[in-house]
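K.L.:
Handing you a structure now.
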Amino acid sequence: MSNRRSGVFVGLGIASAVVVWATLAILGFGLLIKELFWLYEAIRMAGAIYLVYLGSRMLIGVFKGKYDQQNLAGVSTQGAGQSWRIGFLVGITNPKTATFFATLFVTLLPVGAPPLIYIAVVALVGSITSLWLCLLASVFSIGRVRSIYAGIRRPVDALMGAALVGLGVRMATSR
């Protein structure tokens, strides 16, 4: 939040993972995951563990950190590559994205469509995701928005941390 560039690269990393999942869904990976249950389970467990890890870190920060504007502005920034990797890891460990695209594409895309249609769909999905996430990163890097957020950060982080842990546990325990 304190660095627009880092936020944009996190968003681009997530969008890149979405493009990977969308491409794999078009190539039939969604159907493959249905057939190879162990592969789905491995991806699901990796995603669940990562969600619990992220949520736990947020909750620890809520109880340890000082929540003021100076603390928010003083967050260390990461390089573009590291920011992109963080975003990509978040996106690629979400197996529900693969399921979403596999279901969406099977129901909406015509069977035997020309390859250009599939390429256009993946490009559109990547573009929309990139634009949305970069917009969010840009908005939350504005000083006034950060200032407003700083006032409500602790309860928001507590809620989001608990939600991420809950989602991770649910993902790990659901079939």
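K.L.:
Could you derive backbone 3J(HN,Hα) for region 113-122 from the dihedral phi with the Karplus parameters 6.51, -1.76 and 1.60 (θ = phi - 60°), listing whole Hz in sequence and x where the residue is Gly or Pro?
P.N.:
5, x, x, 4, 5, 5, 5, 5, 5, 5
K.L.:
Further question: With no solvent and one point on each alpha carbon, what is the Debye value of log10 I(q)/I(0) for region 102-175 at q = 0.13, 0.19, 0.22, 0.24 Å⁻¹?
P.N.:
Scattering profile of region 102-175, log10 relative to I(0): -0.74, -0.93, -0.98, -1.03.
K.L.:
Continuing with this model, one more query. Divide by every residue of the chain the summed helix terms, -39500 (n - 2.57) for each DSSP H run of at least 4, and state the resulting mean residue ellipticity at 222 nm, rounded to the nearest 500 deg cm²/dmol.
P.N.:
-28500 deg cm²/dmol
K.L.:
Now a separate question. Whole-Hz ³J(HN,Hα) for each residue in region 52-63, computed from phi via Karplus 6.51 cos²θ - 1.76 cosθ + 1.60 with θ = phi - 60°, x for glycine and proline: what do you get?
P.N.:
Coupling constants for region 52-63: 4, 4, 4, x, 5, 4, 5, 5, 4, x, 4, 7 Hz.
K.L.:
Which length gain, in nm to one decimal place, applies between residue 82 and residue 111 when the Cα-Cα distance is subtracted from 0.36 nm times their residue separation?
P.N.:
Going from the current span to full extension adds 6.5 nm.
K.L.:
Then there's this: Could you state the angle between the C-alpha long axis of helix 95-108 and the longest principal axis of the C-alpha atoms of the chain, as a value from 0 to 90 degrees rounded to the nearest 10?
P.N.:
40
K.L.:
Also, quick follow-up: Can you pull the one-decimal nm distance between simple spin-label points at residue 5 and residue 41, each 7 Å off the Cα toward Cβ?
P.N.:
The modelled label-to-label distance comes out at 4.5 nm.
K.L.:
Angle between the Cα long axis of helix 80-92 and the longest principal axis of the chain, 0 to 90 degrees, nearest 10?
P.N.:
Computed tilt is about 50 degrees.
K.L.:
Could you give the angle, 0 to 90 degrees to the nearest 10, between helix 4-26's Cα long axis and the longest principal axis of the Cα atoms of the chain?
P.N.:
20
K.L.:
Right, next: If R0 is 22 Å, what FRET efficiency do you get for residue 162 and residue 49 from their C-beta distance, rounded to 0.05?
P.N.:
So, using R0 = 22 Å, E works out to roughly 0.85.
Taken together, the values in this text are just the output of simple stated rules run on the coordinates, not laboratory data. Being a predicted model, the structure only gives us computed values, none of them experimental. All Cβ positions, even for glycine, are placed from backbone atoms using ideal geometry, and neighbour counts span all protein chains on display.
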